[in-house]
Amino acid sequence: MSLGHALRRIIEEYPLARLDPPAGHPLASVIRKGAPEELRAALAPIDGPFLVKGSPGRGSHWAAIPWLAVFDPAITTSATRGYYLVYLFPAHREAVHLSLAQGTVAAIRNHGPAAAGAHLRASGAALKARISDFADALPNATIALGSAGELPEGYEAAHILGLTYDLPDLGDERRLHRDLAVAVAAYRALKARGGLDLPRSDGTA
């Protein structure tokens, strides 16, 4: 298996897999183990450390939007907080988004479900400006996941920048590795330039 093959499997098999319980399902194992292993292999030429996790959901429920994430442990070890790189699999099309994203659950807890989206979008715009030199290589200013709900809509709002692959794109393993390296560089640049610490509206840090 390769990174592209693992991503393709998730895209193609997830809709049907959701008809069965996730416990013991082979695709759940791919998302939790197989795909993270391929992503770690793709990250091997890049100096780490990196923590890689994949989630098909929790307990007896498949996630509306499965994900495969890369964390810098100095920033965060969880998709709930901080910022990280993540492959998100939309529900409405055969594609995958590579997103530099903010933690969604922490924003919902801190600002409430009604205000979290607006907070994340405003923060994301400021963070995008902070790493504007990556906008050409990671041109997606927004993403769509095709699923209603607090978390999918939060993931959309939490997006900073990234790109999208359709199924034919996943056959180009060199491109996937090259794009991943650029995304890691953007992740590190955001860290070096202040991370999520943004000036307040009164101009103070």
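We did not get these values from a lab; they are worked out from the coordinates using the rules stated. These numbers were taken from a predicted model, which means no experiment stands behind them. Glycine also receives a Cβ, built like all others from the backbone with ideal geometry; neighbour counts cover every protein chain displayed.
Things worth noting here:
- Exposure proxy shown here: for 109, 32, the number of other Cβ atoms within 10 Å sets the order, fewest to most, as 109, 32.
- (1) 16.3, 53; (2) 15.8, 45; (3) 18.7, 58, with the label sought being that of the calculated Rg and Dmax of the Cα atoms in Å: (1)
- Debye-formula intensities of segment 66-164, expressed as log10 I(q)/I(0) at q = 0.20, 0.23 Å⁻¹, are -0.98, -1.29 (one equal scatterer per alpha-carbon, no solvent).
- Compared with the direct C-alpha span, the chain from residue 141 to residue 192 gains 16.2 nm at full extension, assuming 0.36 nm per residue.
- Considering only beta bridges that DSSP places wholly inside segment 3-192, some 95 percent are antiparallel.
- HN-Hα J in Hz across segment 80-86 - Karplus 6.51, -1.76, 1.60, θ = phi - 60°, x for Gly and Pro: 7, 8, x, 8, 6, 9, 8
- Spin-label proximity, residue 46 to segment 171-196 - amide N less than 12 Å from point 7 Å beyond Cα toward beta carbon: 176-190
- When the helices of the chain are scored as -39500 (n - 2.57) per DSSP H run of n ≥ 4 and the total is divided over every residue, the value at 222 nm lands at -12500 deg cm²/dmol.
- Acute angle (nearest 10 degrees) that the helix 113-130 long axis makes with the longest principal axis of the chain, alpha-carbon atoms: 70
- For 77, 164, order by how many other beta-carbon atoms lie within 10 Å, fewest first: 77, 164
- Label zone (residue 19, point 7 Å along Cα-to-C-beta; backbone nitrogen cut-off 17 Å) within segment 54-91: 62.
- Summary value for the chain: 20 percent relative contact order, contacts being C-alpha pairs under 8 angstrom separated by 6+ residues.
- For residue 128, a cut-off of 25 angstrom between C-alpha atoms picks up these lysines, skipping any fewer than 8 places away in its own chain: 53, 191.
- Inter-centroid distance (Cα atoms) of segment 79-146 relative to segment 28-55, Å: 20
- Once the Cα atoms are used to define both axes, helix 3-17 deviates from the longest principal axis of the chain by about 70 degrees.
- Rounded FRET efficiency, nearest 0.05, which uses the C-beta distance separating residue 37 from residue 148 and R0 of 45 Å: 0.90
- On the beta carbon distance between residue 185 and residue 60, with R0 = 35 Å, the FRET formula returns roughly 0.35.
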